[in-house]
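The structure under discussion appears below in the form of structure tokens.
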There are 2 protein chains.
Amino acid sequence: MEKIEINTDAISYPMPCSLVGAKVDGKANFLTVAWFSMVNSKPPYIMIALGKTHYSNKGIKENGSFSVNIPSVSMADVTDYCGLVSGRKLDKSRVFETFFGKLGTAPMIKECPYNLECKLVQTVDLPVDELFIGEIVAAYSDNRFLTNGIPDMAKIDPFILSMPQTTFHGIGTPVGRAWQIGKSFIKKGG
Amino acid sequence: MEKIEINTDAISYPMPCSLVGAKVDGKANFLTVAWFSMVNSKPPYIMIALGKTHYSNKGIKENGSFSVNIPSVSMADVTDYCGLVSGRKLDKSRVFETFFGKLGTAPMIKECPYNLECKLVQTVDLPVDELFIGEIVAAYSDNRFLTNGIPDMAKIDPFILSMPQTTFHGIGTPVGRAWQIGKSFIKKGG
């Protein structure tokens, strides 16, 4: 391995794809977001990073809520669509069938197999983006995406964004069990 | 789609897998981390979320630096291994061949095809976890993982963690071009 220094403006790791929902100016709006992550286990907190110029940010702050909706591979085109046009220019409230949960202000997408309803708990201001940290107050799915009552990623069939290639990919074949295959590495004496 | 409310303690989306490097008590330590995300575009900032009890946290704070190393599918077992044993109990400094970059305090993994060297810019305290936001001051790879000088995810061959199934998966087949396939959705009049 000959390490060389490369540019820092083309960060490459499998970025999960979501549609973030927010109520803005009284209407549901949905934004494609690949910069998100769980950030706290108990209570469950999820973080989304949005450029400050996005239309959704105002609604998230005003209502103190947002949703994270996980789309299936079959929804890749409409997911991409929501990232191409701003809610400032186009009313995206009818692109999906929407529903509301406990908070009443975080629109969620019926077509997405998995939905997280989030109450804003903290905002972190960064140079270009702002982080919205939300407590997941409820999660929603449909029986056909569950196995023994819990979400089954094989059934949800999500996709990731490959950067800087700008390509969506499905999830590949299993390569091992987490918290398990490392034990064989120990046995090998690694 | 019949939406039902499900438990919030089994969050399911494709989580990218990394090995976070930090110098702790004078030695390199590496921790398996699936809760990370880009959070700012210019300058490039990346965020990692670590439980407060982890051994690495002290080193990250003391040195003001950490690294994010992306392992290949072929490294799934050793990646899992680093998540099974704490640096408090086991010296992980010799598990990999390490190298240092500009900062001199963020150990990186030679065997990983892609390495991000990060300078800590902000810490966010949450109930169980803490977020370390780092500016990516340098990125490293090897020519065989690059195409036209930029990282190529197909060559890096990273993997994701599927929760709550606790399974690692490779990246699947391409399903379309981002910022492109949404245009055909527009044409369909969606």
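Descriptive notes on the structure:
- Strands (runs of 3 or more DSSP E) fully within the stretch A:1-87 counting 1 or more residues that are over 25 Å from residue A:159 (Cα atoms) and free of Cβ contacts under 8 Å to residues at least 40 places away in the same chain: A:4-6
- No other residue among B:52, B:89, B:42 is basic (Lys, Arg) and closer than 29 Å to residue A:51 by Cβ apart from B:42.
- Restricting attention to the stretch B:135-152, the residues that are over 10 Å from residue A:7 (Cβ atoms), open to solvent by 50 Å² or more (accessible area, probe 1.4 Å) and facing another protein chain (nearest Cβ under 7 Å) add up to 1.
- Scanning the stretch A:91-105 for residues that are open to solvent by 40 Å² or more (accessible area, probe 1.4 Å), touching a strand residue (DSSP E or B) at 6+ places or on another chain (Cβ under 6 Å) and assigned to a loop (DSSP other than H, G, I, E, B) yields A:102, A:103.
- Checking the stated criteria, residue A:65 turns out not to satisfy the condition of being at pLDDT 95 or above, open to solvent by 10 Å² or more (accessible area, probe 1.4 Å) and more than 30 Å from residue B:53 (Cβ to Cβ).
- Some residue of the stretch B:153-163 being closer than 19 Å to residue A:34 by Cα, touching a strand residue (DSSP E or B) at 6+ places or on another chain (Cβ under 6 Å) and free of Cβ contacts under 8 Å to residues at least 24 places away in the same chain: yes
- If you filter the stretch A:153-164 down to residues that are at the interface with chain B (Cβ under 7 Å from one of its Cβ atoms) and closer than 16 Å to residue B:164 by Cα, you find that the one that is surrounded by the fewest Cβ atoms within 10 Å (Cβ to Cβ) is A:156.
- Residue that is nearest to residue A:67 (Cα to Cα), among those in the stretch A:38-55 that are within 7 Å of chain B (Cβ to nearest Cβ), over 11 Å from the mean Cα position of the chain (by Cα) and crowded, with 22+ Cβ neighbours inside 10 Å: A:45
- Elements of type strands (runs of 3 or more DSSP E) contained in the stretch A:106-178, each with 2 or more residues being under 20 Å from residue A:11 (Cβ atoms) and among the charged types (D, E, K, R): A:129-141
The values are calculated or read from the model by the stated rules, or taken from the named source; none is laboratory data. Because the structure is predicted, anything quoted here is derived from the model rather than measured. FYI the Cβ positions are ideal-geometry reconstructions off the backbone, even for glycines, and counts take in every protein chain you see. Calculation scope for accessible area: heavy atoms of the full protein, side chains included, ligands and nucleic acids excluded. Shrake-Rupley method; radii C 1.70, N 1.55, O 1.52, S 1.80 Å.
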